[in-house]
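Participant: This is the structure, below, for whatever I ask next.
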Amino acid sequence: MKRIPQLILMTCCLVMASCQTNDEVIADPQNEETTFQKESYNGRFGLGLSDTELFEARNQWLAYITVRVLRENPQMKNQLAPMLSPNNTIAVDQLISNEDLGHFNTLFQGVLYQYIAGTREDGEPKTPPGAAVPTCCGSIDGIMAGLIDYWTVDNCVELYFPNGIIGTGTIETSMVSTAHPLIDSETNNGFKRVLSNRPTVDEVTVNELFAGSYPFTMVVARPVFDNDPCTYPQFSGIVFEEFLDGIDN
């Protein structure tokens, strides 16, 4: 079993990048390496990620947390299944703000809190070494609010279930999460959450071949083209709906 180094990196990206504000640039003329550019949530922080890399990394975590919530609370699948569109999608702002799914929202934020705070349950992947609330941010609640705004206000993101929701109300042997790769519509890494005495997470390669033979629920976080601020001119050549759309449901 792989110990998901990329997922750990994504956690670091998610927590560190969440500290950004809309303040002006603060630079140290004595040492350019210490320059901290406080940009919008679409910017980058410290790790040198591009906007696209940061967007994809955060969407990976959105899908991953959703899988964990559904995996550990199978009754939520009963509530979510009838809310999916005919194309097996649901907008993230609808998912998180819908009063009928209030319990999902509570569970989602509880899991998100764990990773930001650096706590975890047995079997969960660790957050970055020495992880804690970065000193640049006021509180964990503030980081969480910023991330949720990133998914629901600053961007237009939906969750796509290529196979639908399998076995509503039952615990599946495994579930997979991934995100649209953004730079193409062919393949991306994903994370398979496996049922055992202690939950484990394996890294997998997700493409149409994998998805077509995978018998359980998959969750894909992907952008949606919409009016401002979701015109995404940098992705003008990408059709988000093409990722995994060739599988037989």
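Values in this text are rule-based calculations from the coordinates and carry no lab data. Everything numeric here is computed off the predicted structure, so don't read it as measured data. For neighbour counting, all protein chains shown are included, and Cβ atoms are generated from backbone atoms with ideal geometry for every residue, glycine included.
Participant: Using DSSP to define loop residues, name the GluC sites (Glu not before Pro) in the range 179-247 whose beta-carbon has at most 13 other beta-carbon atoms within 10 Å.
Facilitator: Those satisfying the criteria are Glu186.
Participant: Could you give me the ³J(HN,Hα) list for the range 206-222, computed from phi with Karplus coefficients 6.51, -1.76, 1.60 and θ = phi - 60°, whole Hz, x at Gly and Pro?
Facilitator: Karplus-based 3J(HN,Hα) across the range 206-222 equals 9, 8, 5, 4, 5, 5, x, 9, 8, x, 10, 5, 10, 10, 10, 8, 8 Hz.
Participant: Let me ask you something else. Arranged from highest to lowest average of other beta-carbon atoms within 10 Å per residue, in what order do the peptides 172-179, 159-166, 74-81 appear?
Facilitator: Ranking the peptides 172-179, 159-166, 74-81 by packing returns 172-179, 159-166, 74-81.
Participant: Kindly write out, for the range 90-106 in residue order, the coupling ³J(HN,Hα) from the Karplus curve 6.51 cos²θ - 1.76 cosθ + 1.60 (θ = phi - 60°), rounded to whole Hz, with x marking Gly and Pro.
Facilitator: 8, 5, 5, 5, 5, 5, 7, 9, 5, 5, 5, 10, x, 5, 4, 4, 4
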